[in-house]
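Visitor: After the structure tokens below, expect a handful of questions from me.
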Amino acid sequence: MKTQPRLTTLMVMMIGLLSVGVPAQADETAGAPAAKDNAKAAPDNDTLIETWAQYGMPGEHHQLLGRMVGRWKLAVKYWMTAGSPMVESSGSCVREWALGRRFVVEEFDGGDLALPFQGMAIYGYDAFQQKYTSVWVDSLSTAVTTSAGVCRDTCDTIAFTGKHGDPWTGEVRDSRGVTRFVDKDTHVLELYEPGSDGKEFKMLEITYTRDAEQPTKSARQSNAPRPALKK
């Protein structure tokens, strides 16, 4: 039966967030800087501190990650192939702040899409790359999957891309997704990948609805200091 390998591929892709291609590799053909460029004076302490603050402290994009924090009810729709019948499930997830509001940590229960499924994710914003990032692991794979992306317009939509190993085909496949924030209590994740004919189709849609009946307040969230946001 092909359902299980295909489902494993799906779960490897489920990174969400905001999630959020994999950063391009550095250009290996670029030559070393000229000797005269290396002779530049070393930065003073004030410059070093300013640079660290720019890339090390939470900023406005991290503040936007706060829209994901809380307990959520999930309505899941899954298509195994283009044109195949839709499979529906319900689940839940909890997301909390970590490391001084630099990252959001998720514990995910996707319910039953032919197999029970649990996962964990870390969402963030890389100020150096200027991209939203995510890391994903789950109970149906030994892979650690990453993705990255950027927001559009008012940042109510985040488009992301990544790559994942497909155990069904033995190939590394491209994937893309979109997260749309409908309002403070609702957001929608959509994942797309190429079908057997090479044409892209939507394979997953998850609607997240805030679970107002079960507020969350963890030690990480309540005790972590909240640094001043830097834009």
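Visitor: Among the residues of the stretch 55-86, which ones are in a loop (DSSP other than H, G, I, E, B) and in contact with a strand residue (DSSP E or B) (Cβ under 7 Å, 6 or more places away or on another chain)?
Guide: Hits for the stretch 55-86 are Met57, Val69, Ala82.
Visitor: OK, next. Within the stretch 141-170, how many residues are farther than 16 Å from Val188 by Cα and basic (Lys, Arg)?
Guide: Here the count works out to 1.
Visitor: Please count how many residues of the stretch 112-130 are surrounded by fewer than 22 Cβ atoms within 10 Å (Cβ to Cβ) and either touching a Gly at 6+ places or on another chain (Cβ under 6 Å) or among the hydrophobic types (A, V, I, L, M, F, W, C) (or both).
Guide: 7
Visitor: Here is a list: Lys73, Lys40, Lys36. Which entry is among the basic types (Lys, Arg) and either surrounded by 14 or more Cβ atoms within 10 Å (Cβ to Cβ) or at pLDDT 80 or above (or both)?
Guide: On the way: Lys40 fails: either surrounded by 14 or more Cβ atoms within 10 Å (Cβ to Cβ) or at pLDDT 80 or above (or both); Lys36 fails: either surrounded by 14 or more Cβ atoms within 10 Å (Cβ to Cβ) or at pLDDT 80 or above (or both).
Residue meeting the stated conditions: Lys73.
Visitor: Tell me, which residue of the stretch 90-111 that is of a type in the set (Gly, Ala, Ser) and touching a Phe, Trp or Tyr at 6+ places or on another chain (Cβ under 7 Å) is surrounded by the most Cβ atoms within 10 Å (Cβ to Cβ)?
Guide: Among them, the one singled out is Gly110.
Visitor: Also, quick follow-up: In the stretch 100-186, which strands (runs of 3 or more DSSP E) lie fully inside it and hold 2 or more residues that are modelled with pLDDT under 85?
Guide: 103-112, 116-126, 157-166, 171-183
The values are calculated or read from the model by the stated rules, or taken from the named source; none is laboratory data. In this text the structure is predicted, and so the values were computed from the model without any measurement. As a convention, Cβ positions derive from the backbone with ideal geometry for all residues, glycine included, and neighbour counts pool all protein chains shown.
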